[in-house]
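Here the structure is laid out as structure tokens; the discussion comes afterwards.
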Amino acid sequence: MQQTWSNLVFIHQEVDANSLKKLIPSSLELDLYNGKAYISFVAFLMKDIKPFGLSAMPYFDSMQEFNLRTYVKYKNHSAVYFFSLDATKSLLIEIARKFFMLNYLKASINYDLKEKIECIRSDNRDHLVKFTADFEIKNEIEKDELSNWLTERYSYLESKKQIVYQGKLEHPKWQLKKVQLKSIKENYLTAYGIKPINNEYLCHYSSEIKVEIKSFKAISSKL
């Protein structure tokens, strides 16, 4: 499957590793950077969605997404692990949940691309989880080692019924700009029981990248 991701904003935060360990499948291991655990909020517009060799179809060709992820390992595979992927189109959500084992959830997303993100979703107890952030994109290019570690990930891992699955994708290396976070208010981490270490954030922006979803398959037998 091919798609284009546009106007991506990454908001990373160091969190307590023990609070994360309780939330990921026991078959996966946290991937740490210099002993530190991170989560990331990622907002973007997914567009030009189409199977290989076919044209994009109206309604199916785009949707807004806001996800919360962390970083995991399984044997020699480093990847991301998604706590949630909030999106705006119900039918695409059902397709992604069924065929890619991704925890997509219906949400209201207001993302004006270069200044503000707002995402609101009802959880399974009918409580609202909310995320709002105001930011400013800078012209400075971000190239530090931590930024590379957080963003250059080319697969995700999931574990269902004691079997580990991996989804692989390909895209060029990120061209990242620095982002100044002006304000942020969210209760996602509280809803999941994730404990931030502090109120410091590392933020990036990328204008557009073309992505190919290569495979999704089991990489373990039943554990």
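The values are calculated or read from the model by the stated rules, or taken from the named source; none is laboratory data. What you are looking at is a predicted structure, and each value in this text was computed from that prediction instead of being measured. Positions of Cβ are generated from backbone atoms using ideal geometry, with glycine treated the same way; all protein chains shown enter the neighbour counts.
Structure above, values below:
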item: Segment 150-167 - residue that is more than 14 Å from the chain's Cα centre (by Cα) and surrounded by fewer than 17 Cβ atoms within 10 Å (Cβ to Cβ) and, of those, nearest to PHE83 (Cα to Cα); result: LYS160
item: Segment 67-110: number of residues that are charged (D, E, K, R) and modelled with pLDDT of 90 or more; result: 5
item: Some residue of segment 77-84 being more than 22 Å from TYR192 (Cα to Cα) and within 15 Å of the chain's Cα centre (by Cα); result: yes
item: Test: residue in segment 140-155 that is under 24 Å from LEU105 (Cα atoms), at pLDDT 95 or above and part of a strand (DSSP E or B); result: yes
item: Scope segment 6-19; condition among the hydrophobic types (A, V, I, L, M, F, W, C) and crowded, with 17+ Cβ neighbours inside 10 Å; matching residues; result: LEU8, VAL9, PHE10, ILE11, VAL15
item: Enumerated strands (runs of 3 or more DSSP E) restricted to segment 1-120, each holding at least 1 residues that are touching a Phe, Trp or Tyr at 6+ places or on another chain (Cβ under 7 Å) and among the aliphatic types (A, V, I, L, M); result: 2-15, 37-50, 62-74, 77-87, 108-111
item: Residue count, segment 182-223 (criterion: over 27 Å from GLN3 (Cβ atoms) and assigned to a strand (DSSP E or B)); result: 5
item: Qualifying residue in segment 20-28 (condition: over 12 Å from the mean Cα position of the chain (by Cα), crowded, with 20+ Cβ neighbours inside 10 Å and without any contact (Cβ under 8 Å) to a residue 40 or more places away in the chain); result: no
item: Count of residues meeting criterion [free of Cβ contacts under 8 Å to residues at least 12 places away in the same chain and within 15 Å of the chain's Cα centre (by Cα)] in segment 193-214; result: 0
